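Enquirer: Sharing a structure, written as C-alpha cells. Questions coming.
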Amino acid sequence: MRYSLEDAASKVGVSKKSLDDYLLQLRFGKKFEFDFQKHKDDKVGVLRSYVKTEKGKLRPGGKKGAKGGAGTKGGMKVKKGYSDDEDDDSEEEDPSISD
C-alpha cells in the first residue's frame, strides 16, 4: 500500500515538511553511498552532515557548505562596497533596482 506524503506524515507523527526533508536526505544518502547500516542507531543529523559534506565536494572550489563562505552573505553573492547597514551613508544605490 502507498500513502500520500501527508498521510504518511500523520501516521509517523511528524510534519509533512519534515518527512519530505527526511526523504530528500535519504535519497541523497543513497546517491552518495552513505553507510546506513553502520549509522542505523544515529540521528538524521549524521546523515544530513554527510550529505552536506558530499555536496560540498561537488561544488567548484572545494568544501564550502550550502550557505556562507567568502564573498557571500546568507548564501547570496555580495558586491564589494554594498552593505545592508542602514546607518552607512557611503552606500551607493544599486542601479539595477528601481522603485
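The values are calculated or read from the model by the stated rules, or taken from the named source; none is laboratory data. Note that this is a predicted model, so its numbers are computed, not measured. All Cβ positions, even for glycine, are placed from backbone atoms using ideal geometry, and neighbour counts span all protein chains on display.
Enquirer: When you look at Leu5, is it within 14 Å of the chain's Cα centre (by Cα) and free of Cβ contacts under 8 Å to residues at least 60 places away in the same chain, yes or no?
Expert: Spelling it out, it is not the case that Leu5 is within 14 Å of the chain's Cα centre (by Cα) and free of Cβ contacts under 8 Å to residues at least 60 places away in the same chain.
Enquirer: Of the conditions (1) closer than 30 Å to Ala9 by Cβ; (2) surrounded by 10 or more Cβ atoms within 10 Å (Cβ to Cβ); (3) at pLDDT below 80, Tyr82 fails just one. Which one is it?
Expert: For Tyr82, the exception is condition (1).
Enquirer: Would you point out which residue out of Lys57, Lys67 is charged (D, E, K, R), part of a loop (DSSP other than H, G, I, E, B), modelled with pLDDT under 95 and farther than 18 Å from Tyr22 by Cβ?
Expert: Every option except Lys67 fails the conditions.
Enquirer: Kindly indicate whether Phe34 is surrounded by 12 or more Cβ atoms within 10 Å (Cβ to Cβ), assigned to a helix (DSSP H, G or I), modelled with pLDDT of 95 or more and aromatic (Phe, Trp, Tyr).
Expert: no
Enquirer: While we're looking at this one, here's another question. With the structure loaded, tell me whether Lys73 is surrounded by 11 or more Cβ atoms within 10 Å (Cβ to Cβ), of a type in the set (D, E, K, R) and at pLDDT 50 or above or whether it fails that test.
Expert: Spelling it out, it is not the case that Lys73 is surrounded by 11 or more Cβ atoms within 10 Å (Cβ to Cβ), of a type in the set (D, E, K, R) and at pLDDT 50 or above.
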